[in-house]
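A.B. asks: Below you'll find the structure I mean.
The values are calculated or read from the model by the stated rules, or taken from the named source; none is laboratory data. Here the structure is a predicted model, which is why all the values come from computation and not from measurement. So basically every Cβ, Gly included, is an ideal-geometry build from the backbone, and we count neighbours across all protein chains shown.
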Amino acid sequence: MIGIADVSMVFQTAVCIVGLTFVLLKLWAEHRLDAFRQEMFAIRDELFDYAAAGNLSFDAPAYRLLRRFMNGFIRYGHQLTFFRICVTMIELKLAGYTSESKWTEEWRKSLERIRDDGVQKALVQFHDRAMMCVANRLILGSPVLLSLALCSIPVLMVQMGWQNLKQILNKAPIFTLSHVVDTRIIENQAAAAALA
């Protein structure tokens, strides 16, 4: 026979499950989005400081493109999910998308115009840090990508040799993302969102 204690236990369990579901689906998702945007803001601020220090003109095409790229991710961050990336890739495939990306081509040309190798390298590092932030957002938000990233760790250990585990863990998100989706699509979408 079911007693009051059993009913109470079922009720408490149900309340805990509902509360945990709310925390995971609502509050954790909002926290991840806020953390992503905050990190992208920090990278963009460092880029501004780098240009303000006289290393690069604010009118330089590479600076403007990179800033637009980061602004797009800040604005488009709530749409940055693995599901939406997959849908976008399918839409582009059906529309006859070629692997050329307007933003990527402009970025490559703008980097070639910079004569100082140190400035080129710094801008590439800003871009890579922003893409690492994007990869982390996508991978930590998708059980499929998270599983693939965990599987990529042994592959990276073989490729890189047994180096610093921190380096391998840092490379795993970008390695996984670049093998699952065309990152140029993500870059182009972010740059387009900044202009919208």
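A.B. asks: Does the stretch 147-180 hold any residues that are in contact (Cβ under 8 Å) with a residue 24 or more places away in the chain and among the hydroxyl-bearing types (Ser, Thr, Tyr), and which are they?
C.D. replies: SER152, THR176, listed by residue number.
A.B. asks: Separate question: Just to be sure I understand, how many residues within the stretch 42-57 are assigned to a loop (DSSP other than H, G, I, E, B) and among the hydroxyl-bearing types (Ser, Thr, Tyr)?
C.D. replies: Final tally of qualifying residues: 1.
A.B. asks: Here is a follow-up. Can you name every residue in the stretch 91-113 that is surrounded by 12 or more Cβ atoms within 10 Å (Cβ to Cβ) and of a type outside the set (D, E, K, R)?
C.D. replies: The answer is LEU92, TYR97, SER101, TRP103, THR104, TRP107, SER110, LEU111.
A.B. asks: Can I ask one more? Pairs only if they're at least six apart or on different chains, beta carbon under 6 angstrom, first in the stretch 34-55 and free of Cβ contacts under 8 Å to residues at least 40 places away in the same chain, second outside any helix (DSSP H, G or I); list them, first residue then second.
C.D. replies: So the pair list comes out as ALA51/PHE58.
A.B. asks: Give me the helices (runs of 4 or more DSSP H) completely within the stretch 114-196, filtered to those with at least 3 residues that are surrounded by fewer than 17 Cβ atoms within 10 Å (Cβ to Cβ) and at pLDDT 80 or above, ordered by residue number.
C.D. replies: Here the list reads 117-140, 143-160.
A.B. asks: Among the candidates THR88, THR98, single out the residue that is at pLDDT below 85, within 19 Å of the chain's Cα centre (by Cα) and of a type in the set (Val, Ile, Thr).
C.D. replies: The unique qualifying residue is THR88.
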